[in-house]
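Below is one structure, written out as structure tokens, with a few remarks after it.
The values are calculated or read from the model by the stated rules, or taken from the named source; none is laboratory data. Quick caveat: nothing in here was measured; it's all calculated off a predicted structure. Note: areas computed on protein heavy atoms with side chains; ligands, DNA, RNA excluded. Shrake-Rupley method; radii C 1.70, N 1.55, O 1.52, S 1.80 Å.
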Amino acid sequence: MFMSSRRPIAAFALAATASMSLAGCGINSVPTAEENAKARWADVQNQYQRRADLIPNLVSTVKAAGAQEKDILVQVTQARAGANQVKLSGDELTDPAKMQAFERAQGAVTLSLQRLQEAYPELKSQGNYTTLMSQLEGTENRITIARTDYNTAVQAYNTRIRTFPDAVGARIFYGAKPLTPFAATTPGAEQAPSVNFGNAS
């Protein structure tokens, strides 16, 4: 009688121990870290989309001012269109080649906006232009912050799936692969562009 009453307790203890062992092997922590990285990636995409949404108004404002450097406007428009075609979902963050393509496309937009600002210094006194450039500057800063937050989340995830004991669960249960961080592909690319949108007098 005494022995039979101990069996449920022993079974419960065994189940609890197994559960703790699994939890210590990344059963919960690995997918949590991955979802956090994907959420930070969504923030990055939101900020790039915000920039893309501002560009048509900026181009229209420059055209309305009678700007002559039409090739600059074409470059901005084409760069925006090209960036919109390069998609990278949260499930593709393990592919370095796709991340590099995404970075190149977005980098082309940044460079075209820098050229635009340099080409039309006379427009800095116009209200609409100054307002849009100020909004773009704020967006570039948000992009930098979002990229940094994403890289931090990726580093945490990649460290977790490579270190014991979480590496056990990451490999056995999830087949986890490292996520790809943003890389500074050009000098200073990890910093917000220093074009001072809207701050020049």
Inset, instruction - Compute the separation of the alpha-carbon centres of region 105-167 and region 55-84 and state it in Å as a whole number. - result: 19
Legend entry - Thr180 long-range amide H proximity, modeled H, under 5 Å: Thr94, Asp95
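Between Asp71 and Asn57, 0.36 nm times their residue separation minus their Cα-Cα distance comes to what? Provide the component values of the computation, followed by the final result.
On the way: separation 14, 0.36 × 14 = 5.04 nm, distance 1.71 nm.
Full extension from Asp71 to Asn57 adds 3.3 nm.
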Legend entry - Accessible surface, per residue, of region 79-119 when the full set of protein chains is kept, probe 1.4 Å, Å²: 49
Inset, instruction - Pop out the ³J(HN,Hα) list for region 102-115 in order, Karplus 6.51 cos²θ - 1.76 cosθ + 1.60 with θ = phi - 60°, rounded to Hz; leave Gly and Pro as x. - result: 5, 4, 4, 5, 6, x, 5, 5, 4, 5, 5, 5, 5, 5
